[in-house]
Amino acid sequence: MFTTGDAAPAGAFEIRKSTEKTSCVALFENVREIEMQEGRKGWQWDEYTIPVTYRAELEDRIRNDTASWLSTAKEYEKKTLATQIREKRNELLAKCDFAVLQDAPTDKEVWSAYRQALRDVPEQPGFPYAIEWPKWPGNAEGKEK
């Protein structure tokens, strides 16, 4: 996740303790100084988080293998985002189930093409970070429920 702030992260990672047993590890990369509004200086960076079980040696484990932790956090974020995108896609498919029923007064070709475009979303080159959602056909020769 792209993040902006008044101060840069204090290091390559941060452990954010949630409860006695769980934490969230935030890992940072591409930290750079930027010019913000009104000529103020600020910072931008990429931040990846991953939930973990808290252990006393957690900080040392991350410090000794930060690159591996960063890679794992990036993959976790990608999978989480992909799941969210697929859930949205499934909701959109469910909303237009009516349109492809045999007796529905709709343009089946238009709706079928829309539904196929939704099913193809995970195949887009930028998935899951850059999605081009197909346009809702709306009331294509028929009425929606």
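Structure data summary
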quantity: Label-point gap, in nm, between Tyr54 and Ser112 - each point 7 angstrom along Cα→Cβ; calculated: 5.7 nm
quantity: Within-10-Å neighbourhood charge of Tyr48 [Cβ basis; K, R +1; D, E -1]; calculated: -3
quantity: Centroid-to-centroid separation of region 85-99 and region 1-68 [C-alpha atoms, Å]; calculated: 35 Å
quantity: Nonlocal Lys pairs with alpha-carbon distance under 26 Å, the chain (8 or more apart, or different chains); calculated: 26
quantity: Other-chain or far-sequence residues with amide H under 5 Å of Val52's (modelled H); calculated: Ser23, Cys24, Val25
quantity: Spacing of the two label points (7 Å from each Cα toward its C-beta) at Glu20 and Ala94, in nm; calculated: 3.8 nm
quantity: Helix 66-95 axis, angle to the chain major axis (alpha carbon atoms, nearest 10°); calculated: 20 degrees
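Quick note: the coordinates plus some simple rules give every number you see, no bench work behind them. Just so we're clear, the structure is a prediction, and the values are computed from it rather than from any experiment. Neighbour counts are summed over all protein chains in view; Cβ atoms, including those assigned to glycine, are modelled from backbone coordinates with ideal geometry.
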